[in-house]
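All remarks here apply to the structure that follows.
Just so it is clear, none of the values below were taken in a lab; they were calculated from the coordinates. Predicted model only: the values in this text are computed from it and were never measured. Backbone-built Cβ (ideal geometry, glycine too); neighbour counts: all protein chains shown.
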Amino acid sequence: MDFKQIEAFVYVAKYKSFSRAAEKLLLSQPTVSTHINTLEEELGVKLFERLSKEVILTEAGELFYPYAVDMLDLRERAYESIKEFLHDVSGHIRIGSSTILSEFILPNAIKEFQNRHPKTYFSIDVGNSQSIIQRVFDGILDFAIVSRKIPKKGLDFTHFFKDKIILAVHKEHPFYTRDSIFLEEILHEKFIVREIGSGTRAAVEHALKQKGYDFDSLKIVATVSTTHAVLHSVKRKLGIGFMSEFALKNEICGDEVIGVPIVDLVVEKDIFLVHSKKKTLRNSVRQFLDILKKMYN
């Protein structure tokens, strides 16, 4: 059993695909398959069920998975301890994030960090808060920036900043020329909304509930999986939608889409940093988090 086999196993389990695992590891698919076959022969047990559309862990694979993740993490921490002893900051930092945060928060911090520590490199997993938190829990990511606090035993959530959620409207909409609107006025409008699991959607659901309305009170014409999809749907006049004020300010929209305040509905989204309590943060990760906090707190 060697680390190449363990790494191949973890990546196939993570992406449920030999081809995607090979792509992420910069290996050929036959090489990944060979690593898995060799590992299965050594353990004397089948680790994956090869289905028509995806690959899933067997019961034995589920049992072995947390140990495999721990082995990779222990290797990273061993390297890190030597680097710290030598005062060298380098290595791989794995971050989870939403689309918007990955585009407008992380690049500036990564650029500054790599200017100081050019031997570091990053990978960013993008998804909704629910899926990203699960990847931190599984030990795949060093930490994540998420817009929902979903309690899980063994995870530590630290408040990062607040993001205001606004109503985005296109230039031909009647609301476009208004300085503000009222909640009652939006209930008959067509809405583009985020998917279940999105922090933005959860924030809107909570704010509506506080006012005595269900999320289903909105006339939903489309559910999408990214903020960009909301923005472009609004630009194409499919409807209006809630989105991050931070994202809208950073988008190159010209005057095509603007945010309109709702007088009697304030929607704010808390942004959290999350990491595993079970894993000691490596020196490089701690230093990157320090830069991130100084830039945006």
For this session: Averaging over all projection directions, find the projected area of the Cα convex hull of segment 98-149 and quote it in nm² with one decimal place.
Result: 3.7
Seminar exercise, completed: Sparse-neighbourhood loop hits (trypsin sites (Lys or Arg not before Pro), segment 229-297; DSSP loop; Cβ within 10 Å at most 12 others) -> Arg236, Lys277
For this session: Label segment 162-269 by shape, choosing from rounded, prolate and oblate, from the square roots a ≥ b ≥ c of the eigenvalues of the Cα gyration tensor; if a/c is under 1.5 it is rounded, and otherwise prolate applies when a/b is larger than b/c, oblate when it is not.
Result: rounded
Exercise. So which GluC sites (Glu not before Pro) in segment 19-63 are both in a DSSP loop and have at most 16 other Cβ atoms within 10 Å of their Cβ?
Worked result: Glu54
For this session: Holding the Cα-Cα limit at 28 Å, pick out from Lys149/Lys294; Lys153/Lys293; Lys209/Lys279 the pairs that are longer than that.
Result: Lys209/Lys279
Problem set entry | Packing-based ranking, highest mean first, of 204-213, 3-12 given that Cβ atoms within 10 Å are counted | 3-12, 204-213
Problem set entry | Dipole of the chain, positive direction: furthest Cα of Val224, Val12, Ile271, with charges on the beta-carbon | Ile271
Problem set entry | Under 16 Å from Lys4, Cα to Cα: lysines that are on another chain or at least 8 residues apart | Lys14, Lys24
Exercise. For the chain, what is the calculated [θ] at 222 nm in deg cm²/dmol (nearest 500), taking -39500 (n - 2.57) for each run of four or more DSSP H residues and dividing by its residue count?
Worked result: -13500 deg cm²/dmol
Seminar exercise, completed: The distance between the Cα centres of segment 220-297 and segment 1-28, in whole Å, is 31
Exercise. Taking amide H positions as placed 1.01 Å from N in the peptide plane, with prolines and chain starts having none, which residues 5 or more places from Leu141, or on another chain, fall under 5 Å of its amide H?
Worked result: Val136
For this session: Mind checking the full-extension length gain between Asp255 and Lys171? Use 0.36 nm per residue of separation minus the Cα-Cα distance, one decimal, nm.
Result: 29.5 nm
Problem set entry | Most to least packed among 223-230, 96-103 [average Cβ atoms within 10 Å] | 96-103, 223-230
Problem set entry | Separation of alpha-carbon centers, segment 148-191 and segment 96-139, rounded to whole Å | 23
Problem set entry | Rg(Cα)/(2.2 N^0.38 Å) for the chain, N = residue count | 1.15
